[in-house]
Amino acid sequence: MSKPDELLVNVAALVESGPSNQMSLTVVAGGAVITGRLAAEAVWRQRVSEVLADSAHLSDFSTVFTTAPHRDEPPTHLHFHLARILQGAVGIPETGGMYRVAIEDVSAWTIGDFTYSDQSG
């Protein structure tokens, strides 16, 4: 998108201003479908920092994520947790991951997340 969707920016701003992490969202960005729950950037950064700090090989990178986000301007990114990239009938990773998506890169979106189950047979 050349100009970020104002409605999506408003959704992200509301997530940033509140303590809830229950807003589920599905977006298309760069041809990928990403589905999961939005988190405030500060919460997302803290969680990523904790995961990296617990890693024997990546702990040095944890401090990069401890910098406080700027609150003076509208949000420019969506911060997903418990999120999956949908590939066919599979969500990657199955347990959900932490994704940061630029709002300007979102070409389509909907409220709610998609889940898949194998009901064949």
Computed lengthening from A42 to A102, 0.36 nm per intervening residue step minus Cα-Cα distance: 20.0 nm
Efficiency of FRET from Cβ geometry, D5 and D72, R₀ 22 Å, rounded to 0.05: 0.60
FRET E, pair V28, T63, Förster distance 25 Å, beta-carbon r, rounded to 0.05: 0.15
D72 - accessible surface, heavy atoms, 1.4 Å probe, Å² rounded to 10: 150 Å²
Electrostatic dipole magnitude of segment 6-93 [Cβ: Lys, Arg +1; Asp, Glu -1; Cα centre; debye, to 20]: 280 debye
Accessible area per residue in Å² at 1.4 Å probe, computed on the chain: 64 Å²
Solvent-accessible area, 1.4 Å probe, carbon plus sulfur percent, for segment 1-82: 57 percent
Trypsin sites (Lys or Arg not before Pro) lying in DSSP loop within segment 1-99, provided at most 14 other Cβ fall within 10 Å: R71
Other-chain or far-sequence residues with amide H under 5 Å of H77's (modelled H): I103
Estimated [θ] at 222 nm from DSSP helical runs (n ≥ 4, -39500 (n - 2.57)) normalised by residues in the chain, nearest 500: -6500 deg cm²/dmol
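The values are calculated or read from the model by the stated rules, or taken from the named source; none is laboratory data. Since this is a predicted model, take the numbers as computed values, not measurements. Note that each Cβ is placed from the backbone with ideal geometry, even for glycine, and that neighbours are counted across all protein chains shown. Heavy atoms of the whole protein, side chains included, go into the accessibility calculation; ligands, DNA and RNA do not. Shrake-Rupley method; radii C 1.70, N 1.55, O 1.52, S 1.80 Å.
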